[in-house]
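*Asks:* Starting off with a structure, shown below.
Bear in mind that the values in this text are calculations on the coordinates, not laboratory data. A quick note: this is a predicted structure, and the numbers were derived from the prediction, not measured. Ideal geometry is used to build each Cβ from the backbone, glycine not excepted, and the neighbour counts take in all protein chains shown.
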Amino acid sequence: MPENLEATYGTVKLSYYAEAMNTDAQGAFANLIVGGFYNGVGDHEMLKALKVYPTPTTDRITISFGKDLENVKVNLMDMSGDLIFSEERKNIAAGDKQVIDLHTSSPGLYILKITDGDRAAGFKILKQ
C-alpha cells in the first residue's frame with residue numbers, strides 16, 4: 001500500500017510519495033516510484049494548485065493558480081532571507097495568474113513562498 005511520508009527540518013517541511021511492489025520470494029522489487037518534491041515543498045494540495053514557471057528564468061516568473069484561494073500571501077526571498085517581493089491578495093479564482101518581474105534582480109537562487117491561511121508551498125527559483 002502506498003505511503004505518504006513527511007519530515008520537518010527547522011521551518012522546511014518535506015513530503016514525498018513512495019510506492020513499492022514486491023514480485024518475487026527473494027524480495028526484488030518490480031516497481032519503485034518515488035516522487036513529490038518537484039520544484040517545491042509544502043502542503044500537497046497547495047503544490048497541486050500552483051504552477052510556477054519558467055525556472056530557470058531571465059526576467060520574470062508566472063504563478064498560475066489552479067483553484068480558488070482566499071487569503072494569499074506571495075513572498076520572494078533571496079538566499080540570505082532578504083525580501084525581494086511581497087504581496088497579499090484576496091479571493092483568487094482558479095485560472096488567475098500573477099507575474100513577478102525579476103529583470104532588476106541579480107542572477108542566483110531565490111525562494112518563492114505562497115501561503116493561503118495555514119497552508120503553504122515553497123518553490124526554488126533560479127534567475128540566470
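*Asks:* Can you check what the net charge comes to around Thr57, using other residues whose Cβ is under 14 Å from the Cβ of Thr57 (Lys, Arg +1; Asp, Glu -1)?
*Replies:* +2
*Asks:* Order of 81-91, 46-56 by packing, highest average Cβ count within 10 Å first?
*Replies:* Descending packing order for the listed peptides: 46-56, 81-91.
*Asks:* Which cross-chain or sequence-distant (5 or more) residues have an amide H under 5 Å from the amide H of Asp96, H modelled 1.01 Å from N in plane?
*Replies:* Amide H neighbours of Asp96, under 5 Å, 5+ apart: Phe65.
*Asks:* Still on this structure: Around Ser86, under 14 Å between beta carbons, what's the net of Lys plus Arg minus Asp minus Glu among the other residues?
*Replies:* Cβ neighbours under 14 Å give a net charge of -2.
*Asks:* Now a separate question. With a 10 Å radius around each residue's Cβ, average the other Cβ atoms per peptide and rank 111-117, 92-98, highest first.
*Replies:* Put in order of decreasing packing, that is 111-117, 92-98.
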